[in-house]
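Just so it is clear, none of the values below were taken in a lab; they were calculated from the coordinates. For clarity, every value in this text was computed on a predicted model and none was experimentally measured. When we count neighbours, we look across all protein chains shown, and the Cβ atoms used for this are built from the backbone with ideal geometry, even at glycine.
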Ligand SMILES: NC(=O)c1ccc[n+]([C@@H]2O[C@H](COP(=O)([O-])OP(=O)(O)OC[C@H]3O[C@@H](n4cnc5c(N)ncnc54)[C@H](OP(=O)(O)O)[C@@H]3O)[C@@H](O)[C@H]2O)c1
């Protein structure tokens with residue numbers, strides 16, 4: 001199996017490289033070797049590699065900045081994805097494309113199913129929705145779209161690493177307790193992608209770790225688990241705060257728990273709770 005990974009230097013891209021099965025022949029491409037703002041660079045990267053499969057983990061992920069860089073967000077998350085998908089169709093390449101919980105408006109009160117109606121509330125969410133719609137329209141069954149949420153990894157900047165840093169340097173913290181979702185270790189998502197390729201699963205699916213939490217719950221868990229290790233010596237006070245406490249340029253869904261049933265069933269996996277995944281990631285951070 002010859003696989004081309006786009007966005008290899010991101011959180012998910014890095015985890016995909018850490019977990020790649022031995023029989024996969026993996027080629028990687030990241031910015032600036034592949035630049036999603038340049039049609040030529042996308043074309044030459046794919047043409048040179050001639051893969052059987054592409055995993056697209058590249059994206060414009062700066063949710064707040066996207067509100068002012070709308071054209072750039074759409075260039076990377078929509079137009080470039082159209083170009084990748086068209087090249088896949090032309091060369092008969094199966095595309096795995098990663099999307100987000102931010103395609104939903106967050107007004108729901110039960111986990112979002114893959115066929116629930118999207119209604120993004122931010123430029124980032126809208127650009128990602130256009131991207132996944134293009135993949136589905138162009139490639140249909142020759143693609144797999146995986147929506148995920150609240151990713152973290154040992155590699156790159158994310159909530160876990162930011163919190164650990166703040167907990168080391170501050171006496172107290174306030175963290176939003178109104179937004180509800182599922183913290184997700186990118187390592188687990190990477191493993192699910194390799195397994196999905198093996199089983200040739202197609203269509204639109206959801207993947208996060210199991211369980212739900214607010215950002216406040218997540219912060220409290222990070223502190224509790226880190227205190228059990230040498231990552232943190234002394235506890236800080238963590239107080240819950242409403243969303244209005246931290247105004248941001250981009251709106252975020254208040255409830256973005258995803259229903260993973262179809263993907264878990266297709267993959268035949270036993271779901272792992274986000275808290276045990278957090279424990280595993282912190283253990284890796286210690287090494
Ligand atoms: N992070 C989350 O919480 C989250 C939640 C839901 C869904 N997702 C989705 O999951 C996927 C992976 O996310 P992630 O957290 O791994 O993202 P990430 O860490 O921000 O990585 C994004 C990757 O895209 C690359 N990239 C940025 N601009 C590019 C351009 N112009 N041309 C080519 N590559 C470019 C980055 O390269 P550089 O490193 O050189 O900038 C990086 O390798 C994305 O599709 C994202 O939308 C993420």
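Looking only at segment 161-287, where both bridge partners belong to it, what percent of the DSSP beta bridges are antiparallel (to the nearest 5)?
20
For segment 1-62, what does the alpha-carbon gyration tensor say about shape, rounded, prolate or oblate, given a ≥ b ≥ c as the root eigenvalues, a/c under 1.5 as rounded, and a/b over b/c as prolate? Cα axes put segment 1-62 in the oblate bin. In the elastic network of the chain, a GNM with C-alpha springs shorter than 10 Å, the most mobile of 189, 129, 231 is 231. Residues within the reach of a label modelled at residue 178 (point 7 angstrom out along Cα to beta-carbon, backbone nitrogen below 19 Å), restricted to segment 202-221, are 213-219.
Using C-alpha pairs below 8 Å separated by at least 6 residues, the relative contact order for segment 161-251 is 49 percent.
As an exercise, use a Förster radius of 45 Å and the Cβ-Cβ distance of residue 48 and residue 236 to find the FRET efficiency, rounded to the nearest 0.05. Mind showing how you got there, number by number?
Details: r = 50 Å, r/R0 = 1.11.
The formula returns an efficiency of 0.35 here.
Can you put 258, 6 in order, fewest other beta carbons within 10 Å first?
Ordered by Cβ neighbours within 10 Å, fewest first: 258, 6.
Using the Cα gyration tensor of segment 198-277, with a ≥ b ≥ c the square roots of its eigenvalues, what is the shape: rounded (a/c below 1.5), prolate (a/b larger than b/c) or oblate (neither)? Oblate shape, in that a/c is at least 1.5 and b/c is the bigger or equal ratio. When all alpha carbon pairs of segment 39-147 are counted in 5 Å bins from zero, the resulting P(r) reads 2, 13, 23, 22, 18, 12, 6, 2, 1, 0 %.
Note on residue 27 and residue 244: the model spin-label points, each 7 Å out from Cα along the C-beta direction, lie 5.5 nm apart.
Take every DSSP beta bridge whose two residues both sit in the chain; close to 5 percent of them are antiparallel. Residues 215, 185, 264, arranged from fewest to most other Cβ atoms within 10 angstrom of their Cβ, appear as 264, 215, 185. Computed from Cα positions, the angle between helix 39-49 and the longest principal axis of the chain comes to roughly 80 degrees.
Rg/Rh for the chain (Cα atoms only, Rh after Kirkwood) is 0.96.
Over segment 78-139, what is the relative contact order in percent, taking alpha-carbon pairs closer than 8 angstrom and at least six residues apart?
50
Looking at the square roots a ≥ b ≥ c of the eigenvalues of the Cα gyration tensor of segment 145-186, which shape do they give, rounded for a/c under 1.5, prolate if a/b is larger than b/c, or oblate?
It comes out oblate by the Cα gyration axes.
Over the chain, DSSP H runs of length four or greater, each weighted -39,500 (n - 2.57), average out per residue to a 222 nm ellipticity of -12000 deg cm²/dmol.
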